[in-house]
1. With a Förster radius of 22 Å, plug the Cβ-Cβ distance of residue A:22 and residue A:139 into 1/(1 + (r/R0)^6) and report the FRET value to the nearest 0.05.
2. Can you list the residues, at least 5 places off or on another chain, whose amide H is less than 5 Å from the amide H of residue A:35, using H built in the peptide plane?
3. Taking a temperature of 25 °C and a viscosity of 0.890 mPa s, what whole-number D in µm²/s does Stokes-Einstein yield for the protein assembly as shown with Rh from Kirkwood over alpha carbon pairs?
4. Treating only the Cβ atoms of Lys and Arg (+1) and Asp and Glu (-1) as charged, compute the dipole magnitude of the protein assembly as shown about its Cα centre; round to the nearest 20 debye.
5. What angle, in degrees between 0 and 90 and rounded to the nearest 10, separates the Cα long axis of helix A:106-124 from the longest principal axis of the Cα atoms of chain A?
6. Residues with beta-carbon under 12 Å from that of residue A:33, excluding residue A:33: net charge, scoring Lys, Arg +1 and Asp, Glu -1?
7. So if I take the centroid of the Cα atoms in the stretch A:51-110 and the same for the stretch B:10-79, what is the distance between those two points in Å?
8. If you take every residue apart from residue A:184 with its C-beta less than 10 Å away from the C-beta of residue A:184, what net charge results, scoring Lys and Arg +1 and Asp and Glu -1?
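Derivation of every value follows stated rules applied to the coordinates shown; laboratory data play no part. As the structure is a computational prediction, the values presented were derived from the model and not from experiment. No Cβ is skipped: glycine too gets one built from the backbone with ideal geometry, and neighbour counts run over all protein chains shown.
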Number of protein chains: 2
Amino acid sequence: MNEVLVDSSRTLADRVFSRLQDDIVRGVIAPGSKVSETDLAGRYGVSRGPLREAIRRLESRKLLEREVHVGTRVASLSFDDLIEIYHVREALEGLAAGLAARLMTAEEVAGLTELLGQHEQQQDLRHDTAYFQREGDLDFHYRIIQGSHNRTLIRMLIGELYHLVRMYRYQFSTVANRPQKALHEHRRIVEAIEARDAEMAELLMRRHISRARENIEQQAQQRSPQ
Amino acid sequence: MNEVLVDSSRTLADRVFSRLQDDIVRGVIAPGSKVSETDLAGRYGVSRGPLREAIRRLESRKLLEREVHVGTRVASLSFDDLIEIYHVREALEGLAAGLAARLMTAEEVAGLTELLGQHEQQQDLRHDTAYFQREGDLDFHYRIIQGSHNRTLIRMLIGELYHLVRMYRYQFSTVANRPQKALHEHRRIVEAIEARDAEMAELLMRRHISRARENIEQQAQQRSPQ
DNA sequence: TCAATGGTTATTGTCGACAATGGCGCCGGG
DNA sequence: CCCGGCGCCATTGTCGACAATAACCATTGA
């Protein structure tokens, strides 16, 4: 989504890291499956050295789970894990929205407004609905997080949590069943940011993510009603 | 503080990771200084392979900064970085305190109360003040974070942010100049947790960290009054 | 004297091979 | 028939060597 995928730049370990991360997130490699270093090295055409470095980085992002002398397996998120992540998202993205309302530049706000307009148009035309519900939604949040201008916060949300959220969406092919409501909430958040109302922006963002979490909890109950 | 330092367990890369992290946090290796892979390999008596893995992990924790084909240098925190971190801490530890008030077991609450009692005693006797202000303070927060029972939250705070905070404290030899107030705030937080008042615990924790941040901002202004 | 350019050198990036550990299946005994 | 021990094998952990890149310095020209 955001990260550069130019295969001719940087180092080998960096490229295999990007590709492997993408394959994991998109479910090309089945969640929970064991992956052998030798297999992966062959698959990506590199030696085990750079591959191991990529594995270590993905391990610290919780996309891979490693057990010494046993092997590495792709992380498989449970519903509980996802609920935990959403609690953290609520706190962090609430902070981000508040900071964004105070610190976003006029250009950033304009870009955000434009992005939202595009989403609303897509929604009206019933075009590319799946895209909006997946990457489009993340794009919106992505902009606001960047607007916080807090590098630590950006790193934690974009660099760590979002890959897990994306993986989950692919894993359970979650088509958010409340796109209109979500879009409406997005609109109100943007309005708060445009008005530079930090408290309101934070409140609305927290509520927005909180509702998304409740939605997931409902789905979980329906699928496995104990 | 928390991580096992048993040098006879796990893998070489894990051990050199722990030792290197400790040396960086404690300032044994000067912040901002360049570190050569060959030098470090010799220093810890390992090959460059495991060392590189340790470097990658410390890099993703922002304790090391790497530039391809140029070198690795120890991160040196700016005041701005620290302020950013404290904003994130405020959001995350506020969440943690709220969750702790709801989810901590009776044993955990008892242990927390006992820890606080020890700190108050140390404070009264003016014993080991430096310790309280450094590791002791972190111990208190550490317990509450663990009490949140949210693995993602624990990982982000303990696994990532706290090492940076610790490094900063060593780097600027910050002796918190408001230990009595901090201790009093700790007491009130514990009372809220004992009363299972989640909202109050969150509010008090946020205020506690917010005040610590303001304290740092004051110090920064005094040292470099523009 | 200064700047540009070339070579040299130190450092990192990559690779293949060897060592060590844990899992798995076979075999024997109860 | 079941259980425990033993040995093989696959996989990971570690190492040293080679290749590639960028910084540094000296030299030369203006």
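1. For residue A:22 and residue A:139, the calculated efficiency is 0.85.
2. When sequence neighbours closer than 5 places are left aside, the close amide H contacts are A:72, A:73, A:74.
3. Using the Kirkwood radius from Cα pairs, D works out to 103 µm²/s.
4. Result for the protein assembly as shown is approximately 900 debye, rounded to the nearest 20.
5. It works out to around 90 degrees.
6. -1
7. Each part's Cα centre sits 23 Å from the other's.
8. +2
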